[in-house]
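Here's the structure, in structure tokens; my notes come after.
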Amino acid sequence: ALSGSPSSYMDHAARGLYRWEVSGVRGGTETARASAFEFAGRVTCWAADDFESGAAANWITDGGSWGTTPIAASGTFAFTDSPIGLYSGCAGGASGCTVNSIATFGVPVMLPPGSTLDYDQICDTEQGFDFCIVEVSADHGGSWSEVARFDMGSDPAWANGVADPTAYRHASIGLGPFAYQMVLIRFRLQSDELLQYDGWFVDNVQINDASCTPVVSVRPPGTPASLRMLPPHPNPSHGTALFAFELPRAEQHVEFKVFDALGRERRTQPMGPLAAGSHEWQWNGRDDAGRSVGAGVYFVRLEVRSAKLMQKAFVLGR
Ligand SMILES: [Ca+2]
Ligand SMILES: [Ca+2]
């Protein structure tokens, strides 16, 4: 455990998946390193890999021997759990044991409604016993939900257990149940101890297409992050005071209300439509009937949808 105050660190890196290693120095000796994979860059509704870089730099693998392969659906490369032959079984295990070879696509995606995962595959696994399982996580990999499973019985082209480029088949898997969530996907080959074939080959992995409409918009520079209402200026005043406020997004309708110290509503001022950004309302110190309010403390409330923000304004006698 680290003592003292927490610290933060900001780095600038190209969009992609990075492995971070953190260690300390104790008594002049470096401690063991802790490591984690983190994605750097803006998260959008689209992610894709055709493996034509010849590497799988955006993938985190666990088990198996995941790597690129020339047995491709298109181009020069695809991705497989077993580039040099048979997939891994549950070596020497008792009957019923299972072992997993997992490849997680480390690019998180924010899913709009109607999202799909599309890819090309050959799944040469023992029918009914070993499976090519596609899973989705909406909690950064903490838990996974199965969205599809295949084995060599799923397509006649896979029945001989031998992978060749003509055996690729397209898969399109709906991700609708995960709309509005940030997800990761992974490919998990699950095997028992018997009968290994050529394994799982995937290519042209794509979550949505590049023209998808993001469900979270990125704020333009200068747009406030949240709704704010600033203290009035001047304060105290002789009646006329300026109330500045910031809207994180455009609003059709916002409203100011002025209450006196007894809680009576003295003035209502509707405004809008207003663009996202900074705005102000100048209160002239008068009530709804146009009469000057007296000296005293007033509570000025800004209402935006269900949000209510309040500032105190002191009015001096004229
Ligand atoms: Ca390819
Ligand atoms: Ca098996």
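Would you mind calculating the gained length between residue 162 and residue 29 on full extension (0.36 nm times residue separation, minus the Cα-Cα distance), in nm to one decimal? Kindly include the intermediate steps, with their values, before the conclusion.
Working: separation 133, 0.36 × 133 = 47.88 nm, distance 5.17 nm.
Going from the current span to full extension adds 42.7 nm.
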Task: Separation between Cα centres of segment 159-194 and segment 221-267, rounded to whole Å - done: 54 Å
- [ ] Heads up, I need the accessible area for residue 95: 1.4 angstrom probe, whole protein in place, Å², nearest 10.
- [x] 110 Å²
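Roughly how many Å² is the accessible area per residue of the chain, as a whole number, for a 1.4 Å probe?
Computed with neighbouring chains in place, this is 54 Å² per residue.
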- [ ] Give the accessible area for residue 50 in Å² (nearest 10); use a 1.4 Å probe, count only protein heavy atoms, and leave out ligands, DNA and RNA.
- [x] 70 Å²
Open item on the list: For segment 271-311 and segment 89-143, what is the centre-to-centre distance using only Cα atoms, to the nearest Å?
Closed with: 56 Å
- [ ] With a 1.4 Å probe and every protein chain left in place, tell me how much accessible area residue 97 has, in Å² to the nearest 10.
- [x] 30 Å²
Task: Highest-MSF residue in the chain out of 210, 295, 57 [GNM, Cα springs under 10 Å] - done: 295
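Computed FRET efficiency, Cβ-Cβ of residue 15 and residue 310, R0 45 Å: what is it to the nearest 0.05?
Working: r = 42 Å, r/R0 = 0.94.
After rounding, the FRET efficiency stands at 0.60.
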Open item on the list: When only alpha-carbon atoms are used, what values of Rg and Dmax, in angstrom, describe the chain?
Closed with: 29.8, 95
Task: Heavy-atom SASA rank of 230, 262, 194, 247 (probe 1.4 Å, accessible area, largest first) - done: 262, 194, 230, 247
- [ ] Can you bin segment 1-114 into rounded, prolate or oblate? Criterion: square roots of the alpha carbon gyration tensor eigenvalues sorted a ≥ b ≥ c, rounded for a/c under 1.5, prolate for a/b above b/c, oblate for the rest.
- [x] oblate
Task: Percent accessible area from carbon and sulfur atoms, the chain, protein chains only, probe 1.4 Å - done: 52 percent
Open item on the list: Run the simple label-point estimate for residue 53 and residue 118 please: 7 Å along Cα→C-beta, distance reported in nm.
Closed with: 2.2 nm
- [ ] Please give, to one decimal in nm, the separation of the simple spin-label points placed at residue 215 and residue 288, each 7 Å out from Cα toward the Cβ.
- [x] 4.1 nm
TODO: Starting from the Cα of residue 36, step 7 Å along the direction of its Cβ; do the same at residue 143; then give the gap between the two resulting points in nm.
DONE: 2.0 nm
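The values are calculated or read from the model by the stated rules, or taken from the named source; none is laboratory data. From a predicted model like this one, the values you see are computed outputs, not experimental measurements. We place every Cβ from the backbone using ideal geometry, glycine too, and count neighbours over all the protein chains shown. The area values use the complete protein model at the heavy-atom level, side chains included, leaving out ligands, DNA and RNA. Shrake-Rupley method; radii C 1.70, N 1.55, O 1.52, S 1.80 Å.
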